[in-house]
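Here the structure is laid out as structure tokens; the discussion comes afterwards.
The values are calculated or read from the model by the stated rules, or taken from the named source; none is laboratory data. Quantities reported herein were computed from a predicted structural model and do not represent experimental measurements. Positions of Cβ are backbone-derived with ideal geometry, glycine not excepted, and every protein chain shown enters the neighbour counts. Ligands, DNA and RNA are stripped out before the accessible areas are found, and what is left, the full protein with its side chains, is counted by its heavy atoms. Shrake-Rupley method; radii C 1.70, N 1.55, O 1.52, S 1.80 Å.
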Amino acid sequence: MPAAQNTERVVRKHPRPHTTLREPSEISCCLKYVIFGSNVLFWILGLCIMVIGIWAWSEKDTFNNLSRLTNIALDPAFVLILVGTLTFVIGFTGCVGALRENTCLLLGYAIILALLLLAEMTVGTLGFVFKDWIKAQATGGFQAFIVHYREDPDQQNLIDWIQEDWLQCCGIEGPKDWDRNNYFNCSSREVGSREACGVPFSCCRRRPNEIIKNKQCGYDVRKPGYFSQGSHHIQSTFDWQIFERGCLRAGEEWMEANLFRVVISGLTVGIFQVLGICFAQHLRSDIWAQKAKWH
């Protein structure tokens, strides 16, 4: 019986464990997280710009005073809201689309970049072709800034920055353009305006070693005979000088001097936009290839 038991003994074989090899993914992790990381920055930046613009509008009570919306295109707060919203949408579609591997958001991201690139190319081309029209529009906008200088603090800060820090200019064609403003018009002296026949402080040249800007440096500088020999004692007492060239000519000179930098900056922005479009389309192709494997 023991021999029979030995012959009937069943030899059990343990099956070898099956090892499943994971197929490589068609989606490039490097490309995915490059799109995600770069657009996170745009998302946050757009949100910050939009919040600042909305805060500036609320401070001016624009929402309750609809009459101010007549010059909405010239309102710096509105421009901030518009730029912030566009940047936020671009960052959101690119960031979430790459992270969630959503082909619809990635397509929207590529379309927005393409439309933006097309608009930039159109504006750049028209700017060189219709220089006179651009100059007329800039003149009209600057005139509106001068007229509403004391009514909108954002426009006031913008024009002060243009005149004092950027172009070192005064008015459109010159200091006399400030006669368009009710506060600086020479006839406003009759109604008690201390700024009559003057210019804003941003028209004044900075004195050597000046730390605190004198806000009254532009008073009376356009009065007849202010800089004549008879008024030399007034000039020597205050020793103020103002920018004599207008901002229109100063802007043309700045553009001529910095044309190469402007072109290089535009090309750089355009290259990044083209790369963003190509990356988004390549990632969409990878996603579709990966989905095809599942089926």
- Item | residue 48 - accessible surface, heavy atoms, 1.4 Å probe, Å² rounded to 10 | 70 Å²
- Given a 1.4 Å probe and the protein chains all in place, what does the accessible area of residue 272 round to, in Å² to the nearest 10? 140 Å²
- Query: What full-extension length gain, to one decimal in nm, is calculated for residue 157 and residue 173 as 0.36 nm per residue of separation minus the Cα-Cα distance?
  - Reply: 3.8 nm
- Message: Under 5 Å between amide hydrogens, which residues at least 5 positions from residue 197 or on another chain qualify, with H placed 1.01 Å from N in the peptide plane?
- Response: 185, 186, 188
- Message: Can you compute the modelled spin-label distance between residue 120 and residue 293, with each label point 7 Å from Cα toward Cβ, in nm?
- Response: 3.5 nm
- Rank-order 264-270, 30-36 by packing density, defined as the average count of other C-beta atoms within 10 Å over each peptide's residues, highest first. 30-36, 264-270
- Message: Run the simple label-point estimate for residue 263 and residue 137 please: 7 Å along Cα→C-beta, distance reported in nm.
- Response: 2.2 nm
- Message: Check which residues have an amide H placed less than 5 Å from residue 242's amide H, if you skip close sequence neighbours.
- Response: 205
- SASA check, residue 205, accessible area w/ 1.4 Å probe, all protein chains in place, rounded to nearest 10 Å², comes out at 100 Å²
- Accessible area in the full protein assembly, largest first, 1.4 Å probe, for 190, 26: 190, 26
- Ranked order, 92, 128 - accessible area, probe 1.4 Å, largest first: 128, 92
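May I ask you to rank 176, 293 by accessible area, largest first, using a 1.4 Å probe over the protein chains only?
Of 176, 293, the descending order of accessible area is 176, 293.
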